Structure formats: C-alpha cells, structure tokens
Amino acid sequence: MKFTDSHCHLDFKAFTADGISSTNLLLEQCAKKNIHQIIIPAISPANWQNVLALANNNQGNPLNGCKVLACLGIHPWFLDGLQQTSLDSLAQKVSDNKTEIIAIGEAGLDGVIAKQQDNINQQMLFFEFQLNLAQQHKLPIIVHHRRTHNETITLLKQVKISRGGIIHAFSGSYQQACQYIDLGFKLGIGGTITYPRAEKTIKAIKRLPLSSLVLETDAPSMPLYGFQGEDNSPLRILDVFEKLVELRQESRAEIAEKIEQNITTLFQLNRV
Ligand SMILES: [Zn+2]
C-alpha cells in the first residue's frame with residue numbers, strides 16, 4: 001500500500017526551522033511508512049518560490065523516496081495588502097512553471113475571515129480569477145472552504161473547471177458532498193473525521209463513493225483528535241487512513257488502492 005498526502009504545507013516553519021536536514025529527515029520517515037507523495041499547496045506570493053524549490057529538490061526515488069509536488073495559488077487568509085498585480089504575478093508564475101506544477105491552489109472562500117476582515121468581495125475576486133486560471137491552463141484546483149458551501153458551489157457552477165480538483169478539508173453533509181462530486185471534484189478527507197463531534201461529515205463519508213475521496217493532513221495545521229495543540233505531520237496520514245477504514249465497508253487494501261488511483265487520475269501523474 002502506498003499513500004499520498006494531498007495537502008501538506010511542508011514549506012512552513014514547523015518543518016523547515018532546522019534547515020534542509022529536517023525536511024530531508026521527515027521525507028525519509030514518510031518514505032519508510034510508504035507515504036510516497038506529498039502535495040504542497042501555495043498560500044501567497046511570498047511562499048511560491050519555496051514551494052517550487054521543495055518540489056524541484058525532492059523528485060523522489062520511485063522505489064523508496066517521497067516525492068514532493070507543487071501547486072501555485074493565493075489562499076483567502078492572506079489577501080491583506082494584495083491587489084490585482086498579485087493576481088497578474090500569479091498568472092505569470094503559473095505560465096513560467098506550467099510543467100513543474102500539478103494544480104492551482106489553495107484558493108477559495110473563508111466565511112469566518114470574511115466576517116472579521118470584511119473582505120468577501122476581494123475573496124470572490126481572487127477565487128474567481130484562480131478558477132479561470134485553472135481552466136485556462138487545464139489544471140485542477142485545490143479549494144479552501146469554511147462556512148461558504150453555497151457561494152463556492154455557485155462559483156464552481158459558473159466557472160466550470162474541466163479537470164476538477166479537491167475540496168480541501170471537506171466538512172459538510174452528504175448532499176453538499178454530492179454537489180461537489182457532480183462538479184468533478186474530489187473531497188479531501190483529513191483530521192476532521194477523527195473528531196467525534198464531526199457527525200454530519202462522518203455520516204457523509206461513510207456513504208460517498210470511494211472514487212470521490214482523497215487523503216490529506218493539512219500539516220502543520222488541523223491536528224487529529226487527541227493531538228490538539230500539537231503540530232500536525234504528514235506522517236499522520238496513516239492515522240487518517242485507519243480512521244477511514246473504520247468508517248468504510250471495503251477492505252483496507254481496496255481503500256488504499258482506490259484512493260491512490262483517485263490521486264493519479266486527478267493530477268494525471270501517470271503521464272510521462
Ligand atoms: Zn492548507
């Protein structure tokens with residue numbers, strides 16, 4: 001069995017504080033646990049270069065390495081001070097690195113931040129631009145959402161993304177999940193399902209087709225239940241997997257294989 005962490009901020013200080021050796025050590029530990037791919041979403045212009053460098057320096061050994069894959073985008077938490085010029089730079093960066101990246105993201109709408117910063121219009125502008133950018137380059141997109149299902153689904157219906165993408169850290173109902181799946185999206189399954197209070201999401205994930213699920217940690221964020229207050233790690237993808245196995249009827253091997261296949265298909269990773 002092989003695993004992919006489809007959402008990990010490997011460029012954050014929690015992982016890079018001790019320099020390149022700490023990143024290398026972590027990637028070695030991941031490889032030993034059969035975590036053979038980590039996808040890093042970008043969050044703002046300030047981290048694009050680091051994300052690209054991490055992917056460039058960690059191409060992985062197909063037999064026993066952990067490969068790092070990069071995305072480029074602007075996260076809705078980090079819009080303060082950004083303007084149209086930042087979107088223009090993103091478009092340029094994506095064009096310049098078209099063959100190096102596998103998706104746009106993470107991009108999306110955050111209802112809690114929108115209330116705090118009164119910036120829903122700016123969030124909509126940035127998200128719509130990135131949706132169009134994904135479509136223009138025929139790339140998938142990693143979508144951040146928080147209390148914004150209706151707005152997100154409306155926009156995804158307007159700007160149809162032919163390659164789909166991932167609804168990162170999915171939490172919501174079965175009906176909401178089905179709307180995303182109908183739009184060509186997979187659901188990112190992470191630490192949320194380890195929390196007993198996440199009843200609605202857990203119920204949905206039990207019923208959804210396996211073909212719509214991928215695994216993620218969002219490390220160093222979103223610690224699993226029992227580890228609150230600690231930095232999360234891509235190594236915990238195995239705990240998310242075990243929790244998913246508990247919730248599903250299929251065998252462990254079938255779940256692992258199908259979820260890897262979902263990643264390969266979504267990001268077209270089998271293409272040479
Ligand atoms: Zn994230």
Note to self: Condition first: under 24 Å from Val94 (Cβ atoms), surrounded by 21 or more Cβ atoms within 10 Å (Cβ to Cβ), without any contact (Cβ under 8 Å) to a residue 40 or more places away in the chain and more than 15 Å from the ligand (Cβ to nearest atom). Can you find one or more residues in the stretch 111-128 that meet it?
What the structure shows: no
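Return the only residue of Asp218, Asp182 being among the charged types (D, E, K, R) and under 21 Å from Phe3 (Cα atoms). Working first, answer last.
On the way: Asp182 fails: under 21 Å from Phe3 (Cα atoms).
Answer to the check: Asp218.
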Check: How many residues, within the stretch 57-81, are more than 16 Å from the ligand (Cβ to nearest atom) and touching a residue at least 40 places away in the same chain (Cβ under 8 Å)?
Finding: 0
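Please state which one of Thr264, Thr192, Thr217 is within 17 Å of the chain's Cα centre (by Cα), closer than 27 Å to Phe127 by Cβ and free of Cβ contacts under 8 Å to residues at least 24 places away in the same chain.
Thr264
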Notebook entry, point to check: So which of Ser95, Ser162, Ser86, Ser173 ends up being more than 23 Å from Ile38 (Cα to Cα) and in contact with a His (Cβ under 9 Å, 6 or more places away or on another chain)?
Noted result: Ser173
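So, in the stretch 1-59, of the ones that are aliphatic (A, V, I, L, M) and assigned to a loop (DSSP other than H, G, I, E, B), which residue ends up nearest to Pro220 (Cα to Cα)? Please lay out each step first, then the result.
Narrowing the stretch 1-59 to residues aliphatic (A, V, I, L, M): 1, 10, 14, 17, 20, 25-27, 31, 35, 38-40, 42-43, 46, 51-55.
Then drop every residue that is not assigned to a loop (DSSP other than H, G, I, E, B), which leaves 1, 10, 17, 42-43.
On the way: Met1: 24, Leu10: 8, Ala17: 13, Ala42: 14, Ile43: 14 Å.
Once the filter is applied, the top-ranked residue is Leu10.
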Check: In the stretch 139-156, is there at least one residue being surrounded by 16 or more Cβ atoms within 10 Å (Cβ to Cβ), within 16 Å of the ligand (Cβ to nearest atom) and over 26 Å from Leu247 (Cβ atoms)?
Finding: yes
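Of everything in the stretch 157-183, what is hydroxyl-bearing (Ser, Thr, Tyr), in a helix (DSSP H, G or I) and open to solvent by 20 Å² or more (accessible area, probe 1.4 Å)? Give them in sequence order. So that I can check it myself, show each step before the final result.
Restricting attention to the stretch 157-183, the residues satisfying the condition of being hydroxyl-bearing (Ser, Thr, Tyr) are 162, 171, 173-174, 180.
Add one more test, that the residue is in a helix (DSSP H, G or I), and what stays is 174, 180.
The one that is hydroxyl-bearing (Ser, Thr, Tyr), in a helix (DSSP H, G or I) and open to solvent by 20 Å² or more (accessible area, probe 1.4 Å): Tyr174.
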Item checked: Odd one out for Thr99, checked against (1) part of a loop (DSSP other than H, G, I, E, B); (2) more than 21 Å from the chain's Cα centre (by Cα) -> (2)
Margin query: Can you tell me which residue is farthest from Trp77 (Cα to Cα) among those in the stretch 92-118 that are among the charged types (D, E, K, R) and touching a strand residue (DSSP E or B) at 6+ places or on another chain (Cβ under 9 Å)?
Written below: Glu100
Margin query: Whether any residue in the stretch 214-234 is away from the ligand (no atom under 16 Å from the Cβ), at pLDDT 95 or above and touching a strand residue (DSSP E or B) at 6+ places or on another chain (Cβ under 8 Å) is what I want to check.
Written below: no
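The values are calculated or read from the model by the stated rules, or taken from the named source; none is laboratory data. Model, not experiment: these values are computed from the prediction. Neighbour counts are summed over all protein chains in view; Cβ atoms, including those assigned to glycine, are modelled from backbone coordinates with ideal geometry. Heads up: the accessible areas ignore ligands, DNA and RNA and are worked out on the full protein's heavy atoms, side chains in. Shrake-Rupley method; radii C 1.70, N 1.55, O 1.52, S 1.80 Å.
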